[in-house]
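Have a look at the structure below, then the notes.
The values are calculated or read from the model by the stated rules, or taken from the named source; none is laboratory data. For clarity, every value in this text was computed on a predicted model and none was experimentally measured. Cβ placement follows ideal geometry from the backbone for every residue including glycine, while neighbour counts extend to all protein chains displayed.
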Amino acid sequence: MSKTKMSHLGTFRSRSTGDKVFLLIVYILVIFAVCITLYPFVYVVSVAFSDAKAVSRGEVFLLPVGLDLEAFQMVMQYDQLWVSYRNTFFYTLFGTICNLIFSCLAAYPLSRHHFFMRKKLNFFLAFTMYFSGGLIPAYMVVTGIGLYNSPLVMIIPHLVSAYNVMILRSAMESISEELFECGKLEGANDFTLLTKIAIPLSKPTLAVLGLYYAVARYNDFFTGMLYLSKQELQPLQMFLRRILIIASTEILQNAGITDRAAAAQSTMKIRYVCIVLATVPILCICPFVQKYLVKGTMLGAVKG
């Protein structure tokens, strides 16, 4: 047994009976919460890989029953899926890069105490978190400037999040002021201070905000539902919504399945397969930024 485990075991044994009971209850509740959280995802994956007949009979509860990949083949042969994937990757990648750039440009001046508009702009930034013009004025503005049915409508209206800017501002405020003073003595301007000092020292926070922005853009279907009527421009979440709610028979017709019994058995599986395929990219990205999550969040929470 390692020294760390032995020290934890010794600490647990030294606690009073009441503390032990409390910790036991906490562990049980945490395990119960984890099981409740994971079960829906495990069930969706199990249904996606199970046999269609077993799914229709309701035999799938936790683990897959009879491996069947026919639904995956049908969904992956549907061209609109890959068009939606391409659109979502473009919106997520390009949009997240723009989000981080404009967040840095907004957070840096707000973190500098000598900036004369700092207090006023901080007030207006916080004001937008509680009050907005509403959906109809936003729709009129977006359509009025010609962004309807344009790929830019998925990027420009959501360039900056006030909450994320405040987190990044707090992280930049926690950087030692002596570093900026040394940079100024060397003749560095504000842009150099931002790119050479503020951004490198805020990488953990930027990694977390990048994940927040990427997940938000990847899951955004409401913007596409409002402003994109062309299917060739719609993101993956719009495709998923259409399959889940409106027209899962599109894929069956594309695969040439006309038998009603086979179609009824495959419809439910196709919906779950689409959900699995839609979550794969996020699951692949999260492990690479997981190490920044706790550290970056704590850095952003040091000051107001």
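Of note, Tyr227 satisfies the criterion of being surrounded by 16 or more Cβ atoms within 10 Å (Cβ to Cβ), at negative phi and at pLDDT 85 or above. Is it fair to say Ile156 is assigned by TED's automatic domain parsing to the domain that holds Phe102 and exposed (fewer than 12 other Cβ atoms within 10 Å of the Cβ)? No.
For every residue, the table says whether it meets (1) over 24 Å from the mean Cα position of the chain (by Cα); (2) touching a residue at least 40 places away in the same chain (Cβ under 8 Å); (3) under 22 Å from Leu226 (Cβ atoms); (4) not assigned by TED's automatic domain parsing to the domain that holds Leu277.
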site	(1), (2), (3), (4)
Leu110	yes, yes, no, no
Arg118	yes, no, no, no
Ile136	yes, no, yes, no
Pro151	no, yes, yes, no
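For the range 103-143, the set of residues classified as over 17 Å from Ala162 (Cβ atoms) and surrounded by 10 or more Cβ atoms within 10 Å (Cβ to Cβ) consists of Arg112, Phe115, Leu135, Pro137, Tyr139, Met140, Val141, Val142, Thr143, listed by residue number.
For the range 177-243, give me every one of the helices (runs of 4 or more DSSP H) that falls completely inside it and has 3 or more residues that are closer than 23 Å to Thr143 by Cβ. Don't jump to the end; show me each part of the working.
Details: elements: 177-185, 190-193, 203-218, 222-227, 236-241.
Here the list reads 222-227, 236-241.
Taking into account only those residues within the range 47-73 that are in a helix (DSSP H, G or I) and of a type in the set (Gly, Ala, Ser), which is nearest to Thr37 (Cα to Cα)? Spell out the reasoning first.
Filtering the range 47-73 for residues in a helix (DSSP H, G or I) gives 47-49, 52-56, 70-73.
Then keep just the ones that are of a type in the set (Gly, Ala, Ser); that gives 48, 52, 54, 56, 71.
On the way: Ala48: 18, Ala52: 25, Ala54: 24, Ser56: 24, Ala71: 26 Å.
Among them, the one singled out is Ala48.
Under the condition of being within 17 Å of Val273 (Cβ to Cβ), touching a residue at least 60 places away in the same chain (Cβ under 8 Å) and of a type in the set (Val, Ile, Thr), the residues counted in the range 55-87 number 2.
Residue by residue, here is whether (1) among the hydroxyl-bearing types (Ser, Thr, Tyr); (2) touching a strand residue (DSSP E or B) at 6+ places or on another chain (Cβ under 8 Å); (3) closer than 29 Å to Phe115 by Cβ holds:
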{"residue": "Tyr148", "(1), (2), (3)": "yes, no, no"}
{"residue": "Ser174", "(1), (2), (3)": "yes, no, yes"}
{"residue": "Lys184", "(1), (2), (3)": "no, no, yes"}
{"residue": "Tyr213", "(1), (2), (3)": "yes, no, yes"}
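Kindly check whether there is at least one residue in the range 104-119 that is in a helix (DSSP H, G or I) and basic (Lys, Arg). Break it down stepwise before answering.
Here is the first cut: in the range 104-119, the residues in a helix (DSSP H, G or I) are 104-111, 118-119.
Remaining after also requiring basic (Lys, Arg): 118-119.
Yes, that holds for at least one residue.
Checking every residue in the range 264-286 against the condition of being at pLDDT below 75, in the same structural domain as Gly210 (by TED's automatic domain parsing) and within 18 Å of the chain's Cα centre (by Cα) gives at least one match. Scanning the range 1-55 for residues that are at pLDDT 85 or above and of a type in the set (Ser, Thr, Tyr) yields Tyr27, Thr37, Tyr39, Tyr43, Ser46.
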